[in-house]
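The values are calculated or read from the model by the stated rules, or taken from the named source; none is laboratory data. Since we're looking at a predicted model, the values are computed, not measured. Glycine also receives a Cβ, built like all others from the backbone with ideal geometry; neighbour counts cover every protein chain displayed.
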Amino acid sequence: MPISPQLLEILRCPKCKSELQIDEAQTRLKCLDPECALVYPIRDDIPVMLIEEATVEK
């Protein structure tokens with residue numbers, strides 16, 4: 001089950017509070033702030049919004 005557009009609208013990066021963008025495979029959420037650029041995994045259709053679980057992608 002993909003993440004709903006309504007949920008994606010309200011989710012924000014826990015670190016910088018910027019908007020997030022989902023990748024095509026719907027397996028990751030990327031922060032749109034170029035200074036932050038954290039990528040949060042999606043596991044079992046649930047976004048893992050923990051900073052310690054995120055990776056950096058510039």
Notebook entry, point to check: Residues Glu19, Glu52: which one is within 10 Å of the chain's Cα centre (by Cα) and among the acidic types (Asp, Glu)?
Noted result: Glu19
Checklist line | Near pairs, Cβ below 9 angstrom, 6+ apart or cross-chain, from segment 9-21 (under 12 Å from Leu50 (Cα atoms)) to any residue that is part of a helix (DSSP H, G or I) and modelled with pLDDT of 95 or more | finding: Cys13/Ile51; Pro14/Ile51; Lys15/Ile51
Check: Which one is farthest from Ala54 (Cα to Cα) among residues in segment 30-39 that are without any contact (Cβ under 8 Å) to a residue 24 or more places away in the chain and touching a Leu at 6+ places or on another chain (Cβ under 8 Å)?
Finding: Leu32
Margin query: Ile46 - would you say it is in contact with a helix residue (DSSP H, G or I) (Cβ under 8 Å, 6 or more places away or on another chain) and at negative phi?
Written below: no
Next item on the list: Tell me which residues, restricted to segment 11-34, are of a type in the set (Asp, Glu) and either assigned to a strand (DSSP E or B) or modelled with pLDDT under 95 (or both).
Entry: Glu19, Asp23, Glu24
Checklist line | Among (1) loosely packed, with under 10 Cβ neighbours inside 10 Å; (2) at pLDDT below 95 - the single one Glu52 does not satisfy | finding: (2)
Item checked: Conditions (1) surrounded by fewer than 16 Cβ atoms within 10 Å (Cβ to Cβ); (2) under 11 Å from the mean Cα position of the chain (by Cα); (3) basic (Lys, Arg): number failed by Lys58 -> (2)
Check: Going by the structure shown, is Leu8 in a helix (DSSP H, G or I), aliphatic (A, V, I, L, M) and out of contact with any Cys (no Cβ under 6 Å at 6 or more places or on another chain)?
Finding: yes
